[in-house]
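My questions will all concern the structure given below.
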Amino acid sequence: MSVQLVPPEVITEQIFQGRIGHYFRSSIPGFGLVTWQLVSFQPPAPGAGPGAGVVSMNVINPNGTFQFMQVSTQDLVGLQYLGPTLPVSPGPGPGPGPGPRPPWCQWFPWHPQCSGGMGGPGPWGGPGFGREYVAYVPVIIPYPYR
């Protein structure tokens, strides 16, 4: 396995292509694989050793915040161009669903846990029972007179 250090010429080429503010992914010792935004680049001074340039970058933390840092090109391992916008990682997706239907729903299908309550579909899909309103019906209970 060979380590691919990023020469200063590669970063200079990215700047010449107008990629300041664009996003990249590299491995940085002590940080691991990181996504970062190119802010600027200071090439090596004349007479300095090869690969001594300094990249200014905003590192994107796992919580989505940015952290400014400066890294020597000697510390960048690999370079993947991601584009002018920050890639969106896929979210966890929809939840697992309502779970199994309670067994007693066969005797009490109007219960909210079985049908979704008063009209409308229940959590297990399918229609409700058309109960859009509650009707109060007067009931006459004869009172025994003495």
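Readers should treat all values here as calculations from the given coordinates under stated rules, not as data from a laboratory. Just so it is clear, the structure is predicted and the values come from calculations on it, not from any experiment. Neighbour counts are summed over all protein chains in view; Cβ atoms, including those assigned to glycine, are modelled from backbone coordinates with ideal geometry.
Subtract the Cα-Cα distance of Ser27 and Asn63 from 0.36 nm times their separation in residues, and report this length gain in nm to one decimal.
Fully extending the segment from Ser27 to Asn63 adds 11.1 nm.
Below 13 angstrom from the Cβ of Val6, what's the summed charge of the other residues (Lys, Arg +1; Asp, Glu -1)?
On the way: positive: Arg25; negative: Glu9, Glu13, Asp75.
Net charge in that neighbourhood comes out at -2.
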